[in-house]
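Trainee: Let me give you the structure first, and then I'll get to my questions.
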Amino acid sequence: MSPVYPSAQRKIACESCALYELCEPVAAGDRLLDLIEPQIRKDITLQPGETLVEEDLHANFFYAITSGSFKLTNRTLNGTQVTGFLFPGDLIGHEAQHRGQYAATAVALETSRVCGLAMEDLRHMLGNVHPLYQRLINLHARHAYLQFRQTRLIMPRTSAAGKLCAFLFDLHLRAEERGFDGSRLRLPMNRADIANFLGLTQETLSRVFSRLKRERILDVSAKHIQILQIEAIQKLASD
């Protein structure tokens, strides 16, 4: 089974990037692209385990993922909690415009590339180009929705199968929205990170994967997942 999404081998085009709404001219004849594109730092490469931004540190840049994947973590009284996973097209650090500090630590799960835009450059451009402000609001709204959807799908679930299926269904939706095959997934995160994120033990997570494979709902081969019955995944995710 070949990796389809998310994967370091899959690099999104600029028009699929989260920063494209800022780079793209607002209307025909506008010169916004000439203004913005030189300010974007392109193809910043991170290796597996390398930290891009750190929770509570001062935010100088926000980033869009062009290839690879990241996990988000937060410090808790009990240690480190995995709070999310981000893939090509997602933003990192955009929330820092509100309080000037990053809300979470972002760590590369595999060789990954991002494009970055300095907060100060963004504020300067917003002060000079009014239409850009509305685009930024729209961009924030979209990513806030994605985070809300992930929380809404996963957190209310009480059963282990419901949590895992909600997680996989969210990845399926993300892939479909990006024009990829949502039935074939490559999970770059390890099982420990998935279990941490879902609030499960690794043993419980392994049992659920085995059950779904036994029932021919999933085909599981290491990090490669093929969803064989999306209706069953959706039903379990909503239970």
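The numbers here are math on the coordinates, done by the rules we state, and not lab data. Quick caveat: nothing in here was measured; it's all calculated off a predicted structure. Here the Cβ positions follow ideal geometry from the backbone for every residue, glycine too, while neighbour counts run over all protein chains shown.
Trainee: Going by how many other Cβ atoms sit within 10 Å of their own, how do Cys115, Cys165 line up, fewest first? Show your work: numbers first, answer last.
Mentor: Values: Cys115 21, Cys165 28.
Placing the least packed residue first, the sequence is Cys115, Cys165.
Trainee: So for Lys71, Lys213, fewest C-beta neighbours within 10 Å to most, what's the order?
Mentor: Values: Lys71 22, Lys213 15.
Ordered by Cβ neighbours within 10 Å, fewest first: Lys213, Lys71.
Trainee: Counting only C-alpha contacts under 8 Å and six or more residues apart, can you give the relative contact order of segment 192-239 as a whole percent? Before the final figure, lay out each step's value.
Mentor: Numbers: 27 pairs, mean separation 9.4, N = 48.
Here the relative contact order equals 20 percent.
Trainee: So if R0 is 41 Å, what FRET efficiency would Gln226 and Leu77 give, r being the distance between their Cβ atoms, rounded to the nearest 0.05?
Mentor: On the way: r = 39 Å, r/R0 = 0.95.
Approximately 0.60, to the nearest 0.05.
Trainee: Quick check on the exposure proxy: order Val114, Val208 from fewest to most C-beta atoms within 10 angstrom.
Mentor: Details: Val114 30, Val208 21.
Taking fewest neighbouring Cβ atoms as first place, the list is Val208, Val114.
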